[in-house]
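Encoded as structure tokens, the structure appears first; notes follow it.
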Amino acid sequence: MEKTNEDVLVLAIESSCDETAASVVKNGRTILSNIISSQIELHKLYGGVVPEIASRKHIEKINQVIEEALKEADVTLDDLDAIGVTYGPGLVGALLVGVAEAKAISFAKDIPLVGVHHIEGHISANYIEHPDLEPPFLCLVVSGGHTHLVIVKDYGAFEILGRTRDDAAGEAFDKVARAIGLGYPGGPKIDRLSKEGNAYAFDFPKAKVDEAPYDFSFSGVKSAVLNHLNKCKMQGEDIVAADVAASFQRCVVEVLVEHAIAAAKDHKIDKLAIAGGVGSNSGLRTAMEEACRNNKIQFYHPSPIFCTDNAAMIGVAAYYEYQKGTRHGLDLNAIPNLRLGER
């Protein structure tokens, strides 16, 4: 690839959970490569991600995905201006594989090292396909481990308005999917099955958190679904899985949309983005699009490939951190419970 002096090339590494990913990003918005090695088929056997297996698989795959990312982008390590890596939050063993690899390359090639917060990466995924999107805007981050409502004040600068008090939305999807026999990963399977069901067959509860109108709680709706399933089994009643899935998804989506729209109106923000794995849920995207249209709010969302874990979003976030002067030393460590905004 022809590189001008003004171009900034970032190699990004993501290994926070069960995807080993590498990407080369040019100038923060152009994705030259995005290689993802997924472990979903492996973890399906166990009904969820097994941390030790995930870590071992990352070790096996990481050099390969980096080589592929460099080859597809037509660059070498000598062409890079920085290396970005997810250092939290996530599974500590999985994170350590990516962090160790990034530090090794940084040291060997004397390339600046930029640690990236995983949620900042998800938020930054919106910049990839929306060249007009710039801060400030509101972002709803919904994934297997996180549900956050965030004002993006500037690149890398956030104000958290709300977060989940218990289960993340994606975690609730996985647990309900397992209970109705769909298996792992639960989110996409519930999304598909919901299309065949009656979303108003059951009126599962929608929790509100007193004194914190933008916070979320999904353990109640999850428990209500499990109680319904247990009651049906004990009384010998048929379980209509599609109706359960559709009603559960509707309740979760309505809470997410209501909170996001309320926050946008209260803070007079006319740009709203979604991010994270659950951001690829068709029910959520459709409902959010309609709510934004009705409230004259511009709606942004990444393509599904950039919603689930990937390194392109980490490269975008790393670019903006690099431009701000963020640098990490070789003492960079994995921080599994890293909070957004911490360094």
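Rundown of residues vs (1) over 28 Å from Cys17 (Cα atoms); (2) surrounded by fewer than 17 Cβ atoms within 10 Å (Cβ to Cβ); (3) in contact with a helix residue (DSSP H, G or I) (Cβ under 9 Å, 6 or more places away or on another chain); (4) at pLDDT 95 or above, yes/no style:
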position: His267; (1), (2), (3), (4): yes, yes, no, yes
position: Leu272; (1), (2), (3), (4): no, no, yes, yes
position: Met288; (1), (2), (3), (4): no, no, yes, yes
position: Arg293; (1), (2), (3), (4): yes, yes, no, yes
position: Ile297; (1), (2), (3), (4): yes, no, yes, yes
position: His301; (1), (2), (3), (4): no, no, yes, yes
position: Pro304; (1), (2), (3), (4): no, yes, yes, no
position: Asp309; (1), (2), (3), (4): no, no, yes, no
_If Val75 satisfies all but one of (1) part of a loop (DSSP other than H, G, I, E, B); (2) at pLDDT below 95, what's the number of the condition it fails?_
(2)
*asked:* Condition check: surrounded by fewer than 22 Cβ atoms within 10 Å (Cβ to Cβ) and out of contact with any helix residue (DSSP H, G or I) (no Cβ under 8 Å at 6 or more places or on another chain). Does Gln323 satisfy that?
replied: yes
*Residue match in the range 167-182 (condition: within 14 Å of the chain's Cα centre (by Cα), assigned to a helix (DSSP H, G or I), in contact (Cβ under 8 Å) with a residue 60 or more places away in the chain and farther than 24 Å from Arg327 by Cβ)*: yes
*Looking at (1) surrounded by fewer than 21 Cβ atoms within 10 Å (Cβ to Cβ); (2) in contact (Cβ under 8 Å) with a residue 24 or more places away in the chain; (3) not in a strand (DSSP E or B), which is the one condition that is false for Gly144?*
(1)
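The rows are residues; the columns are (1) among the basic types (Lys, Arg); (2) in contact (Cβ under 8 Å) with a residue 40 or more places away in the chain; (3) part of a helix (DSSP H, G or I).
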| site | (1), (2), (3) |
| --- | --- |
| Ala201 | no, yes, no |
| Pro205 | no, yes, no |
| Asn227 | no, no, yes |
| Ile239 | no, yes, no |
| Ala242 | no, yes, yes |
| Ala264 | no, yes, yes |
| Ile269 | no, yes, no |
| Leu272 | no, yes, no |
| Arg285 | yes, no, yes |
*Would you check which residues across the range 190-199 are assigned to a helix (DSSP H, G or I) and either crowded, with 19+ Cβ neighbours inside 10 Å or touching a Lys or Arg at 6+ places or on another chain (Cβ under 8 Å) (or both) and list them?*
Ile190, Asp191, Leu193, Ser194
*Residue within the range 176-185 that is closer than 17 Å to Arg339 by Cβ, in the same structural domain as Lys271 (by TED's automatic domain parsing) and β-branched (Val, Ile, Thr) present*: no
_So Val209 ticks every box in (1) of a type in the set (A, V, I, L, M); (2) over 25 Å from Ala334 (Cβ atoms); (3) touching a helix residue (DSSP H, G or I) at 6+ places or on another chain (Cβ under 8 Å) but one. Which box is left unticked?_
(3)
*Residue check, Asn34 against (1) surrounded by 16 or more Cβ atoms within 10 Å (Cβ to Cβ); (2) at pLDDT 95 or above; (3) more than 19 Å from the chain's Cα centre (by Cα), all met but one. Which one?*
(3)
*asked:* So, Ala318, is that one surrounded by 19 or more Cβ atoms within 10 Å (Cβ to Cβ), among the hydrophobic types (A, V, I, L, M, F, W, C) and not in a helix (DSSP H, G or I) or not?
replied: no
*Complete set of residues in the range 200-236 that are of a type in the set (Asp, Glu) and buried (at least 18 other Cβ atoms within 10 Å of the Cβ)*: Asp215
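The values are calculated or read from the model by the stated rules, or taken from the named source; none is laboratory data. Keep in mind that what you see is a predicted model, and the values were worked out from it rather than measured. Every residue, glycine as well, gets a Cβ built from its backbone with ideal geometry; the counts of neighbours run over all protein chains shown.
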